[in-house]
Amino acid sequence: MTETYDFAAIETKWQRAWEGERAFRAVPDPSRPKFYLLEMYPYPSGRIHMGHVRNYSIGDVIARQRRMAGATVLHPIGWDALGMPAENAAIKHGTHPRTWTLDNVAHMRTQLKRLGISYDWDREVNTCLPDYYRWNQWIFLRMLERGLAYRKDSWVNWCPQCRTVLANEQVVGGGCWRCETPVTQKKMEQWFLKITDYAEELLSGHAALQKWPEHVLQMQKNWIGRSTGAHVRFGLDGSSKTIEVFTTRIDTICGATFLVVSAEHPIVPDLVAGPKARELGAWVDRTVAEMRKRRDVGETEKDGVDTGRKAVNPFTGERIPIWIANYVLMDYGTGAIMGVPAHDSRDFEFAKGYGIPIRTVIAPPDRAGERFDAEPAGVFEEPGILVNSGPFDGLASGKAMDEMGKYAEDKGFGRRSTIFRLRDWGISRQRYWGTPIPVIYCGRCGTVGVPDADLPVELPFDVKLTGEEGSPLERLESFVRTTCPRCGGPARRETDTMDTFVDSSWYFFRYCSPRETGLPFRAEDAKAWLPVDLYIGGVEHAILHLIYSRFFTKVLRDFGLTDISEPFPHYLAQGMVTKDGSAMSKSKGNIVDPDEIFARYGADALRVFILFASPPDKEFAWAEEGLEGCYRFLVRVWALVTENLDLFAAPAGEAASPSAAGDAAARVVKKTHQTIRKVTEDISVRFHLNTAVSSIMELYNLARRERDGLRETPAGRQALRLALETIVRLLSPFAPHMAEELWEKTGHSGLLMLSAWPAYDASLAREEMATIVVQVNGKVRDRFEAVPDAAEAELEAAALALPKIQAALGGRPPRKVISVRNKLVSIVS
Ligand SMILES: [Zn+2]
Ligand SMILES: [Zn+2]
């Protein structure tokens, strides 16, 4: 008799059971391998979305499988709970950010439990609570003591919509990363973290990140932007001043026909002071204003003015014109460049536009003997052989860079050097809902860090959020007014709060000691769990979060709190969730609400579907039919097991051995072992969770097809029982609730999720090779062995590579090839 699959009752029942037994608790156990599985924690916006469901379901399958396979698993969750949306919601709806956030957390916690994710809820962290953010403050103070946190007046990116400063990393294509409003520039006193001290190590550390997607490493490399080259000082004609340039191509320096300084360069006032001062000054003011509005120089039209002043090339003594232009930025390199139009396309374009001479100094290697007196028609950017370069003529570019760098050093006008594109991380935000920066300004003592004993500096609750410019804290006298911890005199508190990316830069440490009160975390806890064995999350964090976390880990290491240098040796970038061809989003109106799916199909069906439909790192396209299909699969498994419960009533006999059992029984036993092996490797080695599910489906199909025959013999009944029990066990990470229920129904006591992962017999699990026949024009010409179910394209390639087949084709490409899986490749010549 078939029982109904009542997913709602089953899921509630097992969620209670897991919670009651605290089955997901992470307990350090040196006798077992540890596995720290981390998914990027969510921002508590109100409800979980399908991107979350996917991210956490992927992680959960791997965590559950590892636990069953014998590891002690840490699988934590928390809330990235500070930040602007809460404040904006507060302004809009008149709620307090804290109330809004904690309500959202409560709802989302319920949703995650409803999804059956195996989190250790005892370790939940919430970054908006003082017991978390006090440690942001503590870490900041240690950085302040070491000069890693500092304050300076600087031009910063300003989002007029969010009314706050943005880090360079948070400006995407000239717009705000959150609201896409074009970013403007504003001069402000700001707190910075000195990430540039770690630039070199952030790059060299990539060597330990072999298990990261290559494109993510590349994005970080580009962001860090290491360039080796030389600094060279050009003289300012008629003055004792010099202008320093940075170049990666000192070998081309004798071809410099002009110099360009940024409109923001401090030497500009000197350059424009002359007969044309008024005209030049106006141009500079206009250009600076333009540049500050848009930092995206790649897109601006190159514009410049000749100052009439000359620079002296220290290599040649030649006097060349100095230009001011809008395409040279003050904050990269030195804010001045040499223009070598023959060997740099940007300089070429500029020189052509303004009629500046162009002189070849690098010859293509195959034309090294020729003369290069005439102006070249185009630009040559490759390395080559030096010409028109005096004593350096005839040298190859690489050698010349070395020798010319040395020459500059010997003569004292330059040095070989390395620069980075990476800038220090500006963390000041003029908003309320963030960690207060723990600093006090005293008229007598200056800038004073808040003493550890006075931490946390708590966010005051009674604040007026109006949306006006400037920090709401600034207007709260009771917060601002304080006494100096050093001299006891009247003083003012810093009112900027920290960028919320500070919170997420170390939260994975906090999970190791979530209730620790003396330190951010205990060194021995960090040692027991870290590094994170697998980190899963969206690739949109490739630059911001994943660089900041690496930076913080190195800083905490240098504080002596941890001995790891890289927090995430293995990062799995999960693909997007789309529907109707675009990413699910509120603005597109193509959101599917998880709560609705829980009610209609249950959490297990949703999990199986989201894991089955595509591999974790690929895009996942939502399709209701697919969900429907996965739900029906679960119903069929449920039916097949519950219809055969009598098999489990008898004590388990010897598992049928293939020789003793009939044909069908032997095949089912073999397939069972092969499936265990496939699913084990798919989950733990390849993360091919989609093919793991399809293997379980195949085993189910075989068992279902052979059921009636198998039930007729003792060996058959044993085989069927083994297959069904294995299906239940293998399904446990994917559809954990239904699997627990069937485990109980088949007479087992204790939680399935805490039982051992099924083992396979290697000799039984071995895949047989398929013999593929190769025909040419209908005649059998050869045979070869292939793994079962090899793709058609693979079979085709293997067949065409066979010597006998090549001979039969006589060197001509085939006109047509047809492949049949596991059987045949037929070629028409
Ligand atoms: Zn914005
Ligand atoms: Zn003082």
### Query
Mind checking which residues of the stretch 171-191 are open to solvent by less than 80 Å² (accessible area, probe 1.4 Å) and without any contact (Cβ under 8 Å) to a residue 24 or more places away in the chain?
GLY175, CYS176, CYS179, THR181
### Those residues of the stretch 455-481 which are in a helix (DSSP H, G or I) and either surrounded by 13 or more Cβ atoms within 10 Å (Cβ to Cβ) or aromatic (Phe, Trp, Tyr) (or both), in sequence order
PRO472, LEU473, GLU474, ARG475, PHE479, VAL480
### Task
Answer yes if at least one residue in the stretch 687-695 is surrounded by 19 or more Cβ atoms within 10 Å (Cβ to Cβ) and more than 15 Å from VAL608 (Cα to Cα), and no otherwise.
no
## Note on the structure
Within the stretch 444-454, residues exposed (fewer than 14 other Cβ atoms within 10 Å of the Cβ) and either among the polar types (S, T, N, Q) or out of contact with any helix residue (DSSP H, G or I) (no Cβ under 7 Å at 6 or more places or on another chain) (or both) come out as ARG444, GLY446, THR447, PRO451, ALA453, ASP454
### Task
Examine the stretch 436-443 for a residue that is buried (at least 20 other Cβ atoms within 10 Å of the Cβ), aliphatic (A, V, I, L, M), away from ligand 2 (no atom under 16 Å from the Cβ) and in contact (Cβ under 8 Å) with a residue 24 or more places away in the chain, and state whether such a residue exists.
yes
#### Entry: Failed condition for ILE419, given (1) within 16 Å of ligand 2 (Cβ to nearest atom); (2) in a strand (DSSP E or B)
(1)
### Message
Would you confirm whether or not the stretch 387-404 contains a residue that is at negative phi, surrounded by fewer than 21 Cβ atoms within 10 Å (Cβ to Cβ) and in a loop (DSSP other than H, G, I, E, B)?
### Response
yes
### Residue within the stretch 80-97 that is open to solvent by 30 Å² or more (accessible area, probe 1.4 Å), within 20 Å of TRP433 (Cα to Cα), of a type in the set (Gly, Ala, Ser) and away from ligand 2 (no atom under 16 Å from the Cβ) present
yes
### Summary
Residue pairs within 8 Å by beta carbon, gap of at least six or interchain, first lying in the stretch 92-112 and farther than 28 Å from ALA599 by Cα, second open to solvent by 60 Å² or more (accessible area, probe 1.4 Å), listed first then second, are HIS96/PHE461; ARG98/PHE461
### Matching residues in the stretch 406-426 - criterion: being more than 11 Å from HIS231 (Cα to Cα) and either of a type in the set (D, E, K, R) or in contact with a helix residue (DSSP H, G or I) (Cβ under 7 Å, 6 or more places away or on another chain) (or both)
LYS406, ASP410, LYS411, PHE420, ARG421, LEU422, ARG423, ASP424, TRP425
### the stretch 343-374, subset acidic (Asp, Glu) and not in a loop (DSSP other than H, G, I, E, B), residue nearest to ALA325 (Cα to Cα)
ASP347
#### Entry: Residues (part of a loop (DSSP other than H, G, I, E, B) and at pLDDT 95 or above) located in the stretch 547-605
PHE559, GLY560, LEU561, THR562, ASP563, ILE564, SER565, GLU566, PRO567, PHE568, PRO569, GLY602
### Query
So is VAL183 within 14 Å of ligand 1 (Cβ to nearest atom), closer than 19 Å to TYR332 by Cα and touching a strand residue (DSSP E or B) at 6+ places or on another chain (Cβ under 7 Å) or not?
yes
### Task
Please identify the pairs in which a residue from the stretch 333-350 that is open to solvent by 20 Å² or more (accessible area, probe 1.4 Å) has its Cβ atom under 8 Å from the Cβ atom of a residue that is polar (S, T, N, Q) and not in a helix (DSSP H, G or I), counting only partners at least 6 apart or on another chain.
ILE337/THR247
### Query
Given (1) away from ligand 1 (no atom under 16 Å from the Cβ); (2) in contact (Cβ under 8 Å) with a residue 40 or more places away in the chain; (3) part of a loop (DSSP other than H, G, I, E, B), where does VAL448 come up short, assuming only one miss?
(3)
### Task
State whether one or more residues within the stretch 411-428 are within 16 Å of ligand 1 (Cβ to nearest atom) and of a type in the set (Phe, Trp, Tyr).
no
### Task
Can you confirm whether the stretch 514-531 contains a residue that is under 25 Å from GLU169 (Cα atoms), of a type in the set (Phe, Trp, Tyr) and crowded, with 20+ Cβ neighbours inside 10 Å?
no
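Residues are listed down the side, and each one gets a yes or a no for (1) within 16 Å of ligand 2 (Cβ to nearest atom); (2) closer than 24 Å to VAL532 by Cβ; (3) crowded, with 16+ Cβ neighbours inside 10 Å:
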| position | (1), (2), (3) |
| --- | --- |
| TRP158 | no, no, yes |
| CYS162 | no, no, yes |
| GLU169 | no, yes, yes |
| LEU193 | no, yes, yes |
| LEU202 | no, yes, yes |
| LEU217 | no, yes, yes |
| LYS221 | no, yes, no |
### Query
Can GLU11 be described as touching a helix residue (DSSP H, G or I) at 6+ places or on another chain (Cβ under 6 Å) and surrounded by fewer than 20 Cβ atoms within 10 Å (Cβ to Cβ)?
no
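The values are calculated or read from the model by the stated rules, or taken from the named source; none is laboratory data. All of these numbers come straight from a predicted model, not from anything done at the bench. Cβ: placed from backbone, ideal geometry, glycine included. Neighbour counts: every protein chain shown. Only protein heavy atoms, including side chains, enter the accessible area calculation; ligands, DNA and RNA are left aside. Shrake-Rupley method; radii C 1.70, N 1.55, O 1.52, S 1.80 Å.
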